[in-house]
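Below: one structure, written as structure tokens.
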Amino acid sequence: MLTEWSAVFRTPTSIAKTVLHKFVGYLEAQASELIWKPRCSATIAWEQTQGISTKNKTSKYTGPRATIVAQSQVLDRTATGGWCTEEFGL
């Protein structure tokens with residue numbers, strides 16, 4: 001990407017590198033603030049409503065192992081991209 005940027009905008013590689021570095025940093029910060037933190041907060045709230053504690057999450061799983069189910073038994077979550085937005089009020 002650096003070489004393409006330099007060629008398209010005819011800027012020195014050092015300037016292109018700085019601009020790209022700042023741009024990627026901006027994308028990372030925005031993803032954290034707009035996606036990761038709200039999703040994390042929603043997950044924490046849901047876990048609290050379900051009575052899931054930190055201890056529950058760190059203790060060894062003792063429940064039944066996964067079973068194979070027919071495709072017709074699987075909920076269709078394509079409308080939410082697989083994310084249960086209605087559960088978390090998002």
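The values are calculated or read from the model by the stated rules, or taken from the named source; none is laboratory data. As the structure is a prediction and not an experimental result, all values here were calculated from the model. A quick note on method: Cβ atoms are made from the backbone with ideal geometry, for glycine too, and the neighbour counts reach across all protein chains shown.
Okay, residues lined up against (1) more than 24 Å from the chain's Cα centre (by Cα); (2) on the phi < 0 side of the Ramachandran plot; (3) at pLDDT 95 or above; (4) outside any loop (DSSP other than H, G, I, E, B):
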| site | (1), (2), (3), (4) |
| --- | --- |
| TRP5 | yes, yes, no, yes |
| SER14 | yes, yes, no, yes |
| ALA29 | no, yes, yes, yes |
| ILE52 | no, yes, no, no |
| ASN56 | no, yes, no, yes |
*Output the number of residues of the stretch 1-16 satisfying the condition of being loosely packed, with under 12 Cβ neighbours inside 10 Å and of a type in the set (A, V, I, L, M, F, W, C).*
4
